[in-house]
Amino acid sequence: MNIVILGSGNAATHFGQQFQKTGHHIVQIYSKTKANANALAFALHCAAIDQLSELDLHADLYLIAVTDRAIVSLVEALPKDIKGVVIHCSGATDLSVLAGFKNAGVIYPPQSLSKNKAVDFSTVPLCVEGNTDENSAALLQVAQTFAPRSIFCNSQQRLAIHLASVMVNNFTNILYQMAYELLAENDLSFDLIKPIILETAEKVQNHIPITVQTGPAIRQDSTTMQKHLQFISNKPDLQQIYQLLSQEITKRK
């Protein structure tokens, strides 16, 4: 399959590498910044372009791998006579954004991607959607060549997965940062709580999260909770977060 990648960031890099490893041919890398296009194109041994007028119109697949806010403007700028399948890889963008193309779809990875960190896609269930049954089946087949756990899901389901991913990834990470700052203020190392972070993550691999919930809120230990709130009395935002999360825990007891 001949593939054009529109974008040069984290998702473009990982998808490009996986497509190439599984025998597909990357034809072009497009980026508005030529230096970025050149860098990824060099790694993938293909052409780099920074003008859509230079786009190869005979590829089989066109992957839009740009930020969510850039998708619409890029889609509007693409020629509508593309015969290949045009897809994006956004979790929060509806398939309908590609309605102007005869063949369209989505392959979304619910995974945090960084250029310089390898990802084991054999464990990542890519979320696949096509605008026809034929395109859905073809895209799933492509996805499963490097991500065998890939599944079909519609735009609403994909949005739910994206939101859930934000909750367990982005929200927990800022809680890690707040914990880091709290410990640092008390001359303590974040290393001290890394074992409990790993323990919690390991537990939810095999259990429904609420069934392994621990801590003062699930025990309804109001004395300890009040001590915590008093300890952070100079941090009203953290107090609010503490109380809100504690309420969510106790509601599920």
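Values computed for the structure shown
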| item | result |
| --- | --- |
| Spans of helices (runs of 4 or more DSSP H) in the range 194-253 with at least 3 residues more than 27 Å from the chain's Cα centre (by Cα) | 216-219, 222-231, 236-251 |
| Answer from ASN10, ASN103 - the residue that is over 22 Å from the mean Cα position of the chain (by Cα) and either among the hydrophobic types (A, V, I, L, M, F, W, C) or surrounded by 14 or more Cβ atoms within 10 Å (Cβ to Cβ) (or both) | ASN103 |
| Pair list, Cβ under 6 Å, 6 or more apart: the range 48-71 residue surrounded by 19 or more Cβ atoms within 10 Å (Cβ to Cβ), other residue among the polar types (S, T, N, Q) | ALA48/ASN38; ILE49/GLN28; ALA59/ASN2; ILE71/THR93 |
| Condition met for TYR176 (under 23 Å from ALA164 (Cβ atoms), modelled with pLDDT of 95 or more and in contact with a His (Cβ under 7 Å, 6 or more places away or on another chain)) | no |
| Neighbours by Cβ (under 7 Å, 6+ apart or cross-chain): first from the range 120-136, in contact (Cβ under 8 Å) with a residue 60 or more places away in the chain; second part of a loop (DSSP other than H, G, I, E, B) | PHE121/PHE146; PHE121/ALA147 |
| Sole exception among (1) under 27 Å from SER112 (Cβ atoms); (2) among the hydrophobic types (A, V, I, L, M, F, W, C); (3) surrounded by 14 or more Cβ atoms within 10 Å (Cβ to Cβ) for PHE171, by number | (3) |
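The values are calculated or read from the model by the stated rules, or taken from the named source; none is laboratory data. On a predicted model such as this, the values are computed, not experimentally measured, just so you know. When we count neighbours, we look across all protein chains shown, and the Cβ atoms used for this are built from the backbone with ideal geometry, even at glycine.
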